[in-house]
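Colleague: Supplied in structure tokens, the structure appears directly below.
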């Protein structure tokens, strides 16, 4: 992926020097959205011998906590990984600012928080084991950069564009939040059974995959960021974090009713849809008859 020398975002907070603490909002208070809900299930299975499905069932909503943070710190200028993340975030800002403007709307840029171990969020306590996630309550993307080692070494998805795909997916959740989709999801929480809500969650996550593809389409069109093998890296990452793949890797049975993010094939298909079309309209997973 061609990223060095491109603009870096100023919307990055570096909390890696802080100690995380309990925020008082429940285990994962509120509903943080992202690849994390499946990653923590699998990692928990590896470390503690717990069935990933059991952990997934614990990831239900709780009241949003109000938290206060110390003044935001910028990452060190010589931190290459932080520079990469800042550059990818800046690229998503450029793409989505243009897309919203063309639709007659204004894009509000999210902030991206680098943390280590644990950190406070408006959705409760964020944990590294959750993987990267987006919190609608404070409109921030959270990532412990150690996740990329997990992505490479444990999940078998190396490559810088695979890493960029993860960020673009979480920014996709921010786009959904600005569009009011996340709020509608939360409104449905108490009206549906767990199985029905899981099915809606799959559509939400697949839409975020598609929106990541939309970003890649326009970033390539404007800045020619892709190198040979980059798309394959993203498709491989999408496959490795499919619900079915993670459940198999965790040693358990594949239980479709428990899926919250979609199968490997579905995640690949919707990322590819966004990448090919470059349109938000093509990402309407909620109206799609077949995922």
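Colleague: What Kirkwood hydrodynamic radius, in Å, does the range 241-291 give when the mean of 1/r is taken over all pairs of distinct Cα atoms and then inverted?
Modeller: It works out to 12.0 Å.
Colleague: Can you order the peptides 164-176, 241-253 by their average number of other Cβ atoms within 10 Å per residue, highest first?
Modeller: So the peptides 164-176, 241-253, ranked by packing, come out 164-176, 241-253.
Colleague: Quote to one decimal, in nm, the extra length available between residue 199 and residue 224 on full extension: 0.36 nm per residue of separation minus the C-alpha distance between them.
Modeller: That works out to 5.4 nm of additional length.
Colleague: For the pair residue 232/residue 79, report the inter-label distance in nm, with labels modelled 7 Å from Cα in the Cβ direction.
Modeller: It is 3.3 nm.
Colleague: Between residue 116 and residue 192, what is the label-point separation in nm under the 7 Å Cα-to-beta-carbon projection?
Modeller: Calculated label separation equals 3.9 nm.
Colleague: For the range 207-278, max minus min Cα coordinate along each principal axis, in Å, sorted largest first?
Modeller: The Cα atoms of the range 207-278 stretch 43, 22, 11 Å along the principal axes, largest first.
Colleague: Pulled fully out, how much extra length does the chain show between residue 105 and residue 4, if you take 0.36 nm times their separation in residues and subtract their Cα-Cα distance?
Modeller: 33.4 nm
Colleague: Among 281-289, 95-103, 155-163, how do they line up from the highest to the lowest mean number of other beta-carbon atoms within 10 Å?
Modeller: Result, highest mean first: 155-163, 95-103, 281-289.
Colleague: Here is a follow-up. Would you please give the FRET efficiency between residue 181 and residue 149, computed as 1/(1 + (r/R0)^6) with r the Cβ-Cβ distance and R0 = 41 Å, to the nearest 0.05?
Modeller: 0.85
FYI, it's all coordinate maths here, none of it is from the lab. Please read all numbers here as calculations on a predicted model, not as lab measurements. Note that each Cβ is placed from the backbone with ideal geometry, even for glycine, and that neighbours are counted across all protein chains shown.
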